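Undergrad: Next up is a structure, given as C-alpha cells.
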Amino acid sequence: MSVKTSIWFLYIIRTAKQTLYTGITTNVARRLHQHQHQHNKGAKYLKGHKDLTVVYQIMIGDLSTALKLEYKIKRLTKQQKERLIEQSPTLPILLKLLD
C-alpha cells in the first residue's frame, strides 16, 4: 500500500475591504472557490466578504511546516503582512519566521 503525501500551500487573500486572511491548503484555486461560493466550506471570517483575491501563495511542502508558518503569519500585524506580500519571499526566507 502506498502512502499519499500532499503538497501544502500557504496563501493570503485580500478582501474588497482590504482585510487579509491567511490559510493553508493543498489546492489554492479550489480553496478560493470554496471561500467565494461554498459558504459551508469556506472560512467563517470570509463569510459575507466579496471580491476575494489571492495576493500571495507559496508551496510549503509538508502539513506540519505549513501549519507552523500559518500560525506565525496570522500573528503578524497587517503592516507586516503587507510587507510580506510586497516582498514575496521565497520559502527559505519565509522559513526564517520559524526560528
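What follows draws every value from the coordinates through simple rules; no lab data is involved. Remember, it's a predicted structure, so these values are computed and weren't measured experimentally. FYI the Cβ positions are ideal-geometry reconstructions off the backbone, even for glycines, and counts take in every protein chain you see.
Undergrad: Trypsin sites (Lys or Arg not before Pro) within the stretch 1-93: which are DSSP loop residues with at most 11 other Cβ atoms inside 10 Å? Working shown, then result.
TA: Values: sites: Lys4, Arg14, Lys17, Arg30, Arg31, Lys41, Lys44, Lys47, Lys50, Lys68, Lys72, Lys74, Arg75, Lys78, Lys81, Arg83; in loops: Lys4, Lys17, Lys41, Lys47, Lys50, Arg75.
Here the sparse-neighbourhood loop sites are Lys4, Lys17, Lys41, Lys47, Lys50, Arg75.
Undergrad: Structure shown: which of Lys47/Lys96; Lys17/Lys74; Lys47/Lys78; Lys41/Lys74 lie over 23 Å apart, alpha-carbon to alpha-carbon?
TA: Numbers: Lys47/Lys96 32 Å; Lys17/Lys74 18 Å; Lys47/Lys78 20 Å; Lys41/Lys74 20 Å.
Beyond 23 Å: Lys47/Lys96.
Undergrad: For the stretch 48-62, just list the computed ³J(HN,Hα) in residue order, Karplus coefficients 6.51, -1.76 and 1.60, θ = phi - 60°, integers in Hz, with x standing in for Gly and Pro.
TA: So the J values, rounded to whole Hz, are x, 7, 10, 6, 7, 10, 6, 9, 7, 8, 8, 6, 9, x, 8.
Undergrad: Something else about it: Can you work out the Karplus-derived ³J(HN,Hα) for every residue in the stretch 89-99? Use 6.51 cos²θ - 1.76 cosθ + 1.60 with θ = phi - 60°, whole Hz, and x for glycine or proline.
TA: With the stated coefficients, the stretch 89-99 comes to x, 6, 4, x, 5, 4, 5, 5, 4, 7, 6 Hz.
Undergrad: Could you tell me the relative contact order of the chain? Use alpha-carbon pairs under 8 Å, at least six residues apart, and round to a whole percent. Walk me through the numbers before you get to the answer.
TA: Numbers: 127 pairs, mean separation 31.8, N = 99.
Worked out over the chain, it gives 32 percent.
Undergrad: Would you mind calculating the gained length between Ser64 and Lys44 on full extension (0.36 nm times residue separation, minus the Cα-Cα distance), in nm to one decimal? List each step's numbers first, then the result.
TA: On the way: separation 20, 0.36 × 20 = 7.20 nm, distance 2.27 nm.
Value of the extension gain: 4.9 nm.
Undergrad: I'd like to know which of Gln79, Leu67, Pro89 lies farthest towards the positive end of the charge dipole of the stretch 49-90, counting +1 on Cβ of Lys and Arg and -1 on Cβ of Asp and Glu.
TA: Result: Gln79, furthest along the dipole toward the positive end.
Undergrad: Residue by residue through the stretch 12-25, which ³J(HN,Hα) values in whole Hz follow from phi under the Karplus form 6.51 cos²θ - 1.76 cosθ + 1.60 (θ = phi - 60°), with glycine and proline marked x?
TA: Ordered by residue, 3J(HN,Hα) equals 10, 10, 9, 8, 4, 8, 6, 7, 10, 10, 10, x, 10, 6 Hz.
Undergrad: Once a ≥ b ≥ c are taken as the square roots of the eigenvalues of the Cα gyration tensor of the chain, is the result rounded (a/c under 1.5), prolate (a/b larger than b/c) or oblate (a/b not larger than b/c)? Before the final figure, lay out the partial values.
TA: On the way: a/c = 2.09, a/b = 1.11, b/c = 1.89.
Cα axes put the chain in the oblate bin.
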